[in-house]
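Every number here is computed from the coordinates shown, using simple stated rules; none is lab data. Everything numeric here is computed off the predicted structure, so don't read it as measured data. Neighbour counts run over all protein chains shown; Cβ positions are idealised from the backbone, glycine included.
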Amino acid sequence: MKRSTVLIEVILDVLFLALALVVLLRLFSAAHLTSDLSEKKTRASLAMQTVLERSLLDPPDADETYWYDACFQPAEAAAENRIELAVADEPAGTGVVRTLTLTAFAGETEIAALSGGRYLPGEATP
Amino acid sequence: MKREQGAVGVGTSSIILIAMTLLLTVFGILALLSARADGKLTDRTHAAAEAYYLADLQAQRILAAVDAQIAAGEPVTVEGVKQNGDTCEILVPIDEKRAILIMWKPANGVDKSYMINYNVINTEAWDVTNAWDLVNTGE
């Protein structure tokens, strides 16, 4: 009698454990994905600020693509992540305001964007 | 002859299992809350950088408008420009606490116009009542 009671308890425990593990795995998986995404966003944001600061000092004339590895460290050739720089000019003052729009991609997913710009005078100001 | 009773009674395994599950649930929730807090901090940090560069872009557009008027020999009438002694200044807000302060000296017949300041300043009012008492003066 007691042996069958213990057996039933163990079966119920296994079922409960299976259910609990499904929920817990989803919980830990969600935490891992959220953490992973915020890490990528932080690294992408820092990389974008570096590119933007450099580009504001010497604004490029055409769109560019910068490649990065999985940790958003600069890569030589096409790699896992990238930052796309789009250049747009609008006439302003005596020259143009060059707007630089940066978009960071982790794989093919857009994760962050940043915009800045510089006024490029056309002629010397009196 | 009496059978020897097992060391583990009925219900012990269930109690251990429930305790373990509760513990794992608590750890899981803590991990998720921590990850979400990290995510929010990342978003706030990026939003602050975004706000700065947008304000900087706005400041560059204002500079362009000012430059156009100076180049045309007209008085600077760009909205927000204030005359402060022999310098002109304009404040471009970044957020509730920061702004970009641009100052320049207009042409005066001898010297050309030139910029004397372009930096981020704190616009938040200093609240003395919330100041920390770092040095105990005995008062």
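How do the strands (runs of 3 or more DSSP E) wholly within region B:7-125 filter down when requiring 2 or more residues that are in contact with a Gly (Cβ under 8 Å, 6 or more places away or on another chain): which remain?
Because the criterion is at least 2 residues that are in contact with a Gly (Cβ under 8 Å, 6 or more places away or on another chain), the strands (runs of 3 or more DSSP E) in region B:7-125 that meet it are B:87-93.
What do you reckon, is A:Thr42 under 20 Å from B:Ala48 (Cα atoms), within 13 Å of chain B (Cβ to nearest Cβ) and touching a Ser or Thr at 6+ places or on another chain (Cβ under 6 Å)?
Yes; evaluated as a whole, the condition is true for this residue.
Out of the strands (runs of 3 or more DSSP E) lying entirely within region A:65-126, which hold 2 or more residues that are in contact (Cβ under 8 Å) with a residue 60 or more places away in the chain and over 24 Å from the mean Cα position of the chain (by Cα)?
Because the criterion is at least 2 residues that are in contact (Cβ under 8 Å) with a residue 60 or more places away in the chain and over 24 Å from the mean Cα position of the chain (by Cα), the strands (runs of 3 or more DSSP E) in region A:65-126 that meet it are A:109-120.
Can you name every residue in region A:18-49 that is surrounded by 14 or more Cβ atoms within 10 Å (Cβ to Cβ) and without any contact (Cβ under 8 Å) to a residue 24 or more places away in the chain?
Answer for region A:18-49, where residues must be surrounded by 14 or more Cβ atoms within 10 Å (Cβ to Cβ) and without any contact (Cβ under 8 Å) to a residue 24 or more places away in the chain: A:Ala20, A:Leu24, A:Leu27, A:Phe28, A:Ala30, A:Ala31, A:Thr34, A:Ser35, A:Ser38, A:Glu39, A:Thr42.
Given the conditions (1) in a loop (DSSP other than H, G, I, E, B); (2) of a type outside the set (Lys, Arg); (3) facing chain B (nearest Cβ under 9 Å), report the number of the one that A:Phe16 does not fulfil.
Exception for A:Phe16: condition (1).
For region B:64-82, does any single residue satisfy the condition of being within 30 Å of A:Thr42 (Cβ to Cβ), without any contact (Cβ under 8 Å) to a residue 60 or more places away in the chain and of a type in the set (Lys, Arg)?
No; the residues of region B:64-82 include none that is within 30 Å of A:Thr42 (Cβ to Cβ), without any contact (Cβ under 8 Å) to a residue 60 or more places away in the chain and of a type in the set (Lys, Arg).
Could you please find all residues in region A:19-38 being among the small types (Gly, Ala, Ser) and at the interface with another protein chain (Cβ under 9 Å from one of its Cβ atoms)?
Correct list: A:Ala20, A:Ala30, A:Ala31, A:Ser35, A:Ser38.
Would you be able to say whether some residue in region B:23-40 is of a type in the set (S, T, N, Q), buried (at least 16 other Cβ atoms within 10 Å of the Cβ) and within 9 Å of chain A (Cβ to nearest Cβ)?
The answer is no; no qualifying residue exists.
On the basis of being at the interface with another protein chain (Cβ under 9 Å from one of its Cβ atoms) and either surrounded by 13 or more Cβ atoms within 10 Å (Cβ to Cβ) or among the acidic types (Asp, Glu) (or both), does A:Ala88 make the cut?
Criteria not met by A:Ala88.
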